[in-house]
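Contents: one structure, followed by commentary.
The values are calculated or read from the model by the stated rules, or taken from the named source; none is laboratory data. Treat the numbers as computed from the prediction; the structure is a model and nothing was measured. When we count neighbours, we look across all protein chains shown, and the Cβ atoms used for this are built from the backbone with ideal geometry, even at glycine.
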Amino acid sequence: MSELSCLESLQELSASNNNLENIRELVQLISIWTRLKRLDTSRNPLCSKARYRERLIVVSPTLGSTQLSSFDKKKTTTTKLFYL
């Protein structure tokens, strides 16, 4: 996935069912993609890791914004963000 790091203006990524396993690599990419508003990583092995959604949201303020984004087709509540 490191080849995607040049996409600094990326706003939406649908990576569903792509056998993604390395959450560290994805965290690194998300920190580069400062405009990312939507991310779908459903049906990937990394989804079974504990608190994977929270780890990705913490890295990207735009993924955590309830008015702008969705993550794996789920909205993130303000209350949940408060505790991250």
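Quick notes on this one:
- Qualifying residue in the range 63-78 (condition: among the aliphatic types (A, V, I, L, M) and modelled with pLDDT of 85 or more): no
- In this structure, L39 does not satisfy being at pLDDT 90 or above, under 19 Å from T62 (Cβ atoms) and within 14 Å of the chain's Cα centre (by Cα).
- Within the range 1-52, if we keep just the residues that are without any contact (Cβ under 8 Å) to a residue 24 or more places away in the chain and of a type in the set (G, A, S), the residue that is surrounded by the fewest Cβ atoms within 10 Å (Cβ to Cβ) turns out to be A50.
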